[in-house]
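Bear in mind these aren't lab numbers, they're just calculated from the coordinates by the rules spelled out. Note that the structure is predicted; figures quoted are calculated from it, not measured. Quick reminder, even Gly has a Cβ in these numbers, built from the backbone with ideal geometry, and neighbours come from all protein chains shown.
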Amino acid sequence: MKVWLLHHRDAAVLAWRRLLAVPLNSLLFVLAIGVALALPAGGQMLLANARQLTDRVSAAPQISVFMSVNADRATATEVGSRLGGAAGVKQARFVPREETLARMKANPGLREAIEVLPGNPFPDAFVVSVTDERPESMERLAAEYRRWDGVAHVQLDSAWVRRLEALIGLGRNAVLLLGALLGAGLIAICFSIVRMQLLVHRAEIEVSDLLGATESFVRRPFIYHGVLLGLGGGVVAWIVTTAATLWLRAPIADLAKLYELTLSLQPLSAMDSALLLAVAGGLGWLGANISLGRHLDSC
Amino acid sequence: MIRFDRVAKRYPPGVDALSEVSFEVAEREMVLVGGHSGAGKSTLLKLVAAIEQATSGAVLVGGQNLSGLSRAALPFLRRRIGMVFQDQKLLFDRNAFQNVMLPLSIAGFPPREAAQRVRAALDKVGLGKREKALPVMLSGGEQQRLAIARAVVGRPGLLLADEPTAHLDAETANDVARIFHDFHQVGVTMLIATYAHELFPAARRLHLDHGRLRT
């Protein structure tokens, strides 16, 4: 066990020295990997922020059905019973026009404006929650209600939240796709670098073999080389993403304010950061392993 | 320690490097393998270290038949054998100390004990003050002595040397031979391929001629 730890420490130190032996090359490789990883990492950061935004807004979608102002209570009651018995309706809550008027009058700013108006300007209304919350089926219900007698206006609440959620779903897939493509790129970069390393250290591999090195002893420094490159790239990606977060925070907050939202862009969470580093190191490990499997025997 | 039983080695496309070679080397013995260039001396040493596999016959080292040796067991055989190669195979990006350290690192020695052993081995071959020197900064004789230090640092029971005094001037060759004698004195079994048998007067001699042993 102690020997095993010793071997790992030596291999890691050796790999680190080899990286430092060609500092400019190593730096450029790490930057290339880092920039490639920064794209999916940045995408994940934006997605996490967008999701946080939708979580704060109620996403339970409802349909508001407004009666015509001229419609009498009997018509409203009829619409109410139709809604109550209709398929796909979970609950239909009746909001009488008097209640709306009282609520609006409670607002001091609106009170005066309402009082100059003759009669009650508000219609009777229903707030309908449905069993099937998919946007397309809700649209279908809304279209049906619009055709009913006495119904003046039908509005899909939270439709924009649904649209944003759909966009986020799309974004998540895009980030996954981008991550997969650039991850494959990272594997390819590490594969090539480890191959070059194998050629450079051919003599050492041969001598170690003659002196009784096991195959894992020979492979270890090269594996660490790949892992260190991947991890270095992960750190660069994290720095790029965090810098971008801070850079974009003020302009995005300004933009959000125009939509009456408060949004402070958050950097990658601790969990996402750990995941980024683990994936970066893991891909480096994988690239190095594939390269060793392919090229070690020919050394 | 070593036993060859009707060993043959054929390289493609049908070149016989060794044929019908049988001999034994007892423990603590020093044996020279002589013969013209291309007689099969290097091949014989490579068979002992399992760098090459015999085409037929049996090679036994320390009672172990090498033809039945698994790939996983090979490194542990090599750790029991010290080797001095014809082309030395020093690592030119590592200094003298690091070169000699390599076999101990491979075997997983604790660093402090290993460092002591490395210094002792370098002292033994007269390179105690050159441990920081890179191989290119050493003369031919010093490089050869460094290769010997690396071969013996693990205190192997068996030392193989392929032309250890070739390319050395007479005086340096004498130094190297003396170092080998010293190791033989402390009980190391030795198999040395060399033309220069006069340097090792006490050793038993085997003579190879076109891949066959002449007695």
Rule-of-thumb Rg ratio for the range B:89-155 [Cα; 2.2 N^0.38 Å; N residues]:
0.97
Need the C-alpha centroid separation for the range B:20-82 versus the range A:130-205, integer Å.
64
In order through the range A:142-155: 3J(HN,Hα) via Karplus (6.51 cos²θ - 1.76 cosθ + 1.60), integer Hz, x for Gly, Pro
4, 4, 5, 5, 4, 7, 5, 5, x, 8, 8, 8, 10, 10
In whole Å, how far is the Cα centre of the range B:161-183 from that of the range A:233-260?
70
Using a cut-off of 11 Å between beta-carbons, work out the net charge of the residues near B:ASP16 (Lys and Arg +1, Asp and Glu -1, B:ASP16 not included).
+2
Over the protein assembly as shown, one equal point on each Cα, no solvent: what is log10 I(q)/I(0) by the Debye formula at q = 0.05 Å⁻¹?
-0.43
Each label point is 7 Å from the Cα along the Cα-to-Cβ direction; what then is the distance between the points at A:TRP4 and A:GLN266, in nm?
3.9
At q = 0.12, 0.13, 0.14, 0.17 Å⁻¹, what is the base-10 log of I(q)/I(0) for chain B according to the Debye formula with one equal point scatterer per Cα and no solvent? Please give it to two decimals.
-0.62, -0.73, -0.84, -1.21
Across all Cα atoms of the range A:62-157, Rg and the largest Cα-Cα distance (Dmax), in Å, are 14.3, 42
Report the far tail of the P(r) of the range B:1-94, meaning the percent of Cα-Cα pairs longer than 15 Å.
63
Using +1 on the beta carbon of Lys and Arg, -1 on that of Asp and Glu, and nothing else charged, what's the dipole of the protein assembly as shown about the Cα centre, debye to 20?
1040
One quarter of the C-alpha convex hull surface, i.e. the mean projected area of the range B:46-127 in nm², amounts to 6.9
Work out how much length A:ARG73 to A:ARG146 would gain on full extension: take 0.36 nm times their residue separation and subtract the Cα-Cα distance, in nm to one decimal.
24.5 nm
Checking the range A:201-299 for GluC sites (Glu not before Pro) in a loop per DSSP with at most 16 other beta-carbon atoms within 10 Å yields A:GLU260
For the pair A:VAL13 and B:GLN185, the simple spin-label estimate (label points 7 Å beyond Cα toward Cβ) gives in nm 3.5
Principal axis box of chain A, alpha-carbon based, largest edge first, Å:
100, 40, 32
For every other residue with a beta carbon closer than 11 angstrom to the beta carbon of B:THR194, add +1 if it is Lys or Arg and -1 if Asp or Glu, then tell me the sum.
-1
Listed residue pairs exceeding 27 Å between alpha carbons, taken from B:LYS9/B:LYS89; B:LYS89/B:LYS124; B:LYS89/B:LYS132; B:LYS89/B:LYS129; A:LYS2/B:LYS129:
A:LYS2/B:LYS129
Sort the following peptides by mean Cβ neighbour count (other Cβ atoms within 10 Å, averaged over residues), highest first: A:235-241, B:108-114.
A:235-241, B:108-114
Cα-centre dipole for chain B with unit charges at Cβ (Lys and Arg positive, Asp and Glu negative), debye to 20:
620
Helix B:96-107: inclination vs chain B longest Cα principal axis, degrees, rounded to 10, gives 60
What full-extension length gain, to one decimal in nm, is calculated for A:ALA180 and A:VAL22 as 0.36 nm per residue of separation minus the Cα-Cα distance?
54.0 nm
Virtual spin-label span in nm between A:ILE114 and A:LEU275, 7 Å along Cα→Cβ:
4.7
Positive-end residue, the range B:1-148 charge dipole about Cα centroid, Cβ charges, pick of B:LEU77, B:ALA147, B:LEU104
B:LEU104
